[in-house]
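Student: Pasting in a structure now, in structure tokens, and then I'll have a few things to ask.
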Amino acid sequence: MFLDRRDAGRRLAERMRQVIRPENALVLGLPRGGVPVAFEVAKALNVPLDVIVVRKLGVPFQPELGFGAVGEGGLVVINEDVVRMANLTPREMAAVEERERAEVERRARRFRGERAPEGLTGRTVIVVDDGVATGGTARAACQVARARGAERVIFAAPVGAPESIQSLRRDADEVVCLETPAQLHAIGAWYADFTQTTDEQVVELLREAASFGRPGERAGAGNPSYAEDVWVDAGRVRLPGRLVVPENAKGAVVFVHGSGSSRHSPRNRYVADVLNRAGLATLLFDLLTPEEEFDRGNVFDIGLLADRLVHVTGWLRQSRAAGLPVGYFGASTGAAAALWAAAEAPNEVVAVVSRGGRPDLAGPRLPAVQAPTLLIVGGRDEAVLELNREAMRHLRCEKTLEIVPGATHLFQEPGALETVAAVARDWFLDHFTRLPV
């Protein structure tokens, strides 16, 4: 028996330490009762915490039977077998979807407020609840997490019915459950205190967990004066981001990630942490919406990405970073977007750094770039190195090609990423401090 949900979460966290590595991980609590449990897991692992709001799509004449689930952003997962068995019409399905989608969005706003949801693309996602009876909501949450781009989905709960836990293994890569009694009876029977969790408690726990796993916000890391999840204006769309502004910041660096990555890229987050410690503000944001990411053509639409970057730079000048000189840090295809945007708005950008970038994709825009540009490439990343050497011949601005000996494309070798961060930091500081006061 567990004392309460927090006690269950602490005990669950001990098990989770044995099964996952916290790098690039995220904990999602199922509101409301799953959030206090998830809070303790996220705290112990020092990884971000968010909620995952899902609603089962129930067959109209038998609501307990789900024909799918809906998550935030209108994301829908459909069980075609149930649809055929129940002989559901598109109109019947649409009516249920509309009702449940509205409820999902209402609850998400209630719990999260104006904060942007955590991105799941490419991450290990741990879905947590306070217990599993039938498992319907838990399965829906795992399906929605997968559909939102999670690379690995783990479901975790303190207690659950054996048959339900077993069925969850079809939707999760791994299931962790401390107790699976043959006779569950009721989840609350396994808690000394199973008082209902309120909306207000969920909101407070999310607020308290805002610093978990954040660069520059851990104890002793030199806390920034301002750090917040934000929505940035990127023209026709609004995109989630993370803005950190140290006290007396010397400049602001906008990160432009590469294909298949997001604002949660562990490499860019590491570099951002180094820049924050040096007194530079950073903005990491997603270049595409979750729906757009499904079309790989968008990833290589450099003109589209550059246009959004120009809009985001304008938004940055109205944010807490207003008045600071701006630089771009681009990786892979994001480097091409950074150079393209720098050419389109030459008066907006003071310096550009490319990490393992594809400047060749900026093509004819390269000669128009005026911002001093640093190209960083791994010595063993031969194909990209040749593309960067060719780009150097087309750039007319102040430029430098920095080759990191022994490094491959992702700079995974010992000391390689540290070198990238240090060189980028010095490049930005040098060019920001050259500006007239």
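Student: Of GLY131, ILE154, ILE187, which is farthest towards the positive pole of region 117-194's charge dipole, taken about the Cα centre with +1 and -1 on the beta-carbons of Lys, Arg and Asp, Glu respectively?
Tutor: Result: ILE154.
Student: Let me ask another. Helix 136-147: angle to the longest alpha-carbon principal axis of the chain, degrees 0 to 90, nearest 10?
Tutor: Helix 136-147 sits at roughly 20 degrees to that axis.
Student: Sticking with this one: Karplus couplings for region 193-203 from phi (6.51 cos²θ - 1.76 cosθ + 1.60, θ = phi - 60°), rounded to Hz, Gly and Pro as x?
Tutor: 10, 10, 4, 4, 7, 9, 4, 4, 5, 4, 4
Student: What does the highest-first list of 45-51, 170-176 look like by mean Cβ count within 10 Å?
Tutor: 45-51, 170-176
Student: Once every Cα of region 1-147 carries one equal point scatterer and solvent is ignored, give the base-10 log of I(q)/I(0) from the Debye formula at q = 0.10, 0.14 Å⁻¹, two decimals.
Tutor: For the requested q values the scattering log ratios are -0.37, -0.70.
Student: Can you pull the one-decimal nm distance between simple spin-label points at ALA189 and VAL76, each 7 Å off the Cα toward Cβ?
Tutor: The answer from the label model is 3.9 nm.
Student: Another question about this same structure. As an exercise, identify the chymotrypsin sites (Phe, Trp or Tyr not before Pro) in region 12-110 lying in DSSP coil whose Cβ has no more than 16 other Cβ atoms within 10 Å.
Tutor: Here the sparse-neighbourhood loop sites are PHE61.
Student: With angles folded into 0 to 90 degrees, how steeply does helix 90-112 sit against the dominant principal axis of the chain? Use alpha carbons for both and round to 10.
Tutor: Value to nearest ten degrees: 70.
Student: Sticking with this structure for a sec: From the C-alpha gyration tensor of region 301-437, pull out the three semi-axes of the equivalent ellipsoid (sqrt of 5λ each), sorted largest to smallest, in whole Å.
Tutor: 23, 17, 13
Student: I need to check one value: relative contact order of the chain, counting alpha carbon pairs closer than 8 Å and at least 6 residues apart, in percent.
Tutor: Reported relative contact order: 11 percent.
Student: So, one more: Which lysines, if any, have their Cα less than 25 Å from the Cα of LYS399, not counting same-chain residues under 8 positions apart?
Tutor: Straight-distance partners of LYS399: LYS250.
Student: Just to confirm the number: angle between the C-alpha axis of helix 333-344 and the first principal axis of the chain, 0 to 90 degrees, nearest 10?
Tutor: For helix 333-344, the angle is close to 50 degrees.
Student: Compare the peptides 356-367, 14-25 by average per-residue count of other Cβ atoms within 10 angstrom and give them in order, highest first.
Tutor: Peptide ranking by packing, descending: 356-367, 14-25.
Student: Starting from the Cα-Cα distance between ARG380 and ALA102, subtract it from 0.36 nm times their residue separation and give me the gain in nm to one decimal.
Tutor: Gain in length upon complete extension: 95.0 nm.
Student: How many Å² of accessible area per residue for the chain, probe 1.4 Å?
Tutor: Roughly 43 Å² per residue, with all protein chains present.
Student: Tell me the carbon and sulfur percent of the accessible area for region 340-418, rounded to whole percent, probe radius 1.4 Å.
Tutor: Within region 340-418, the accessible surface is 51 percent carbon and sulfur.
Student: Once you put a point 7 Å from the Cα of ASN298 and another 7 Å from the Cα of ALA182, both along the Cβ direction, what distance in nm separates them?
Tutor: About 5.2 nm separates the two model spin labels.
Student: Give me the distance in nm between label points sitting 7 Å out from Cα along the Cα-to-Cβ direction at ARG170 and ARG393, one decimal.
Tutor: 5.9
Student: Which order do peptides 125-137, 267-279, 100-112 fall in by mean Cβ count within 10 Å, highest first?
Tutor: Top to bottom by mean Cβ count within 10 Å: 125-137, 267-279, 100-112.
Student: With r as the distance between the Cβ atoms of ASN46 and GLU413 and R0 = 30 Å, compute the FRET efficiency 1/(1 + (r/R0)^6) and round to 0.05.
Tutor: With a Förster radius of 30 Å, E is 0.75.
Student: Please give the contour-minus-distance gain from GLN318 to ALA210: 0.36 nm per residue of separation, less the Cα-Cα distance, rounded to one decimal in nm.
Tutor: 36.6 nm
Student: With the Cα gyration tensor of the chain in hand, give its eigenvalues times 5 under a square root as the equivalent ellipsoid semi-axes, listed largest first in whole angstrom.
Tutor: 43, 24, 19
Student: Could I ask something else about it? Using a probe of 1.4 angstrom, how much of the accessible area of region 113-197 is carbon and sulfur, in percent?
Tutor: 45
The values are calculated or read from the model by the stated rules, or taken from the named source; none is laboratory data. Note that this is a predicted model, so its numbers are computed, not measured. We place every Cβ from the backbone using ideal geometry, glycine too, and count neighbours over all the protein chains shown. Heads up: the accessible areas ignore ligands, DNA and RNA and are worked out on the full protein's heavy atoms, side chains in. Shrake-Rupley method; radii C 1.70, N 1.55, O 1.52, S 1.80 Å.
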